[in-house]
Amino acid sequence: MNAPLRILMVEDDPSDAELVLRTLRAGGMLVDCTRVDRLAEIQEAFRFPWDLVLCDHSVRGSGSSSSFRSSDVLALARVLDDPPPFIIISGAIGEDEVVRALHSGVAGYVEKSHLGRLIPAIERALGEARRSADDRRLRAEAAASRERLEILQAAVDAAFDLICVLEAQPEGPPRIIYANAAAERLTGRSPEDLFAVGIAGLCGPSGEAATARMLAAIEKARPVTVEVEHRNLGGKTIWIETGIRPIAPGSNRFISVSRDVTARKTVESDLAFLAMHDPLTGLSNRMMLLDHLGLELAAARRTGLNAAALMVDLDGFKRINDTLGHGFGDAVLRETARRLRACVRENDTVARLGGDEFVVVIGDLAGLEPVVDVARRLVSMASIPVEYNGERRSVSASIGIGLSPAGARSSLELLADADAAMYRVKRGGGNGYIFHE
């Protein structure tokens, strides 16, 4: 059901007002009309929304109120944010006055003696008002859209990540048709340079495989994410993660977002290192020791050669820790680690089990001489004093050696043999080495 037409009627003659209402209802209009005849009432009435204003050209006013004209009412309506259509209904007025009224914003003029023209005039005025409202709405939406695009453009240009738009081609690689200002910071290339170089510029000269993956994904219109170590034109090497996806299903355009993930890759690398290494000395930890020892024993079973594990424990370390502090103790452990690495081959394993216990694993042994040579050097180097904060202290090393002929023993058994031999050296006064019997 249609809502009634809300009409504000400015008319000093109730009979004329009633005649207008009968005319509208006879024409099939559903109206909700309020009649006023004083300017103060009109100003108050304009606080509420109206669909239409019907106004006599000259109003005498009621009571003590003074007379006023339609131009006075129109002036009050103009201050509204969205004034309703305004039609003058009056007796004969001059043609010049009608023209001035129409130029000042009046939607129509109907003589009281020709009220049959009122309904067409109202329909025309309401139609123009709707079109005007639609135009204002469309202009407002267009302005809002422009503002949103400007904000979006500013945000994209200020983004820390490199944002590109790619356009697939019927033949050949996709073109880069847009790149934001982050291009130069991330790749060392200006947006214009990226347009010329194309998608390979996102991965750098060492990213052929990553470029090939992106091209294959674009050809199939599938999303893809690649990581590549990129050396940009400024000579800086960074890790770049690039994600590409279609802008819309079936579109030949793709959005590409590239970001610097060097910090994340560094953390991942550090975490991977810490998972397998002792944080104080940088040596292999127990997990990596068992892994490497297992590989050495497997190689020994294949080749028929031997593998050896040397358990190294520092004599006198607890006394240094207790008397000179953990700072001195840590210095001793770090220096011991350095010396252990200096005594073995590059492919041998040196690990710290914890505290002052270390393990050296030596493989590919055809005889015992290399093991004896390493054990002697370890004992000799361990006794060299360590200096820290102006203090010099020395320790010695007790070393037990477990030997696995042709890899016949397990990793844990070999370590247990070396540990038992090391305690035999300890009980004998330390500062030496012995093979497990």
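The values are calculated or read from the model by the stated rules, or taken from the named source; none is laboratory data. Just so you know, these numbers come straight off a predicted model, no measurement behind them. Glycine gets a Cβ as well: all are built from the backbone with ideal geometry, and neighbour counts include every protein chain shown.
Points to keep in mind about this one:
- Condition met for Lys220 (over 23 Å from Asn252 (Cα atoms), surrounded by fewer than 17 Cβ atoms within 10 Å (Cβ to Cβ) and in the same structural domain as Val257 (by TED's automatic domain parsing)): no
- Lone unmet requirement of (1) part of a loop (DSSP other than H, G, I, E, B); (2) free of Cβ contacts under 8 Å to residues at least 24 places away in the same chain; (3) assigned by TED's automatic domain parsing to the domain that holds Leu412 for Ala248: (3)
- Scanning segment 392-421 for residues that are among the hydroxyl-bearing types (Ser, Thr, Tyr) and part of a helix (DSSP H, G or I) yields one hit, Ser411.
- Within segment 313-355, if we keep just the residues that are acidic (Asp, Glu) and part of a helix (DSSP H, G or I), the residue that is farthest from Val371 (Cα to Cα) turns out to be Asp322.
- Residue in segment 105-162 that is farthest from Ile176 (Cα to Cα), counting only those that are charged (D, E, K, R) and not in a helix (DSSP H, G or I): Glu111
- The set of residues from segment 405-437 being among the charged types (D, E, K, R), farther than 14 Å from Asn306 by Cα and touching a residue at least 24 places away in the same chain (Cβ under 8 Å) comprises Asp417, Asp419, Arg424, Lys426.
Rundown of residues vs (1) touching a residue at least 24 places away in the same chain (Cβ under 8 Å); (2) in a strand (DSSP E or B); (3) in contact with a Phe, Trp or Tyr (Cβ under 8 Å, 6 or more places away or on another chain), yes/no style:
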| position | (1), (2), (3) |
| --- | --- |
| Thr23 | yes, no, no |
| Thr34 | yes, yes, no |
| Ile42 | yes, no, no |
| Arg47 | no, no, no |
| Trp50 | yes, no, no |
| Gly61 | yes, no, yes |
| Ser65 | yes, no, no |
| Ser71 | yes, no, no |
| Ala75 | no, no, no |
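- Some residue of segment 422-432 being touching a Lys or Arg at 6+ places or on another chain (Cβ under 9 Å) and either in a strand (DSSP E or B) or within 30 Å of His326 (Cβ to Cβ) (or both): no
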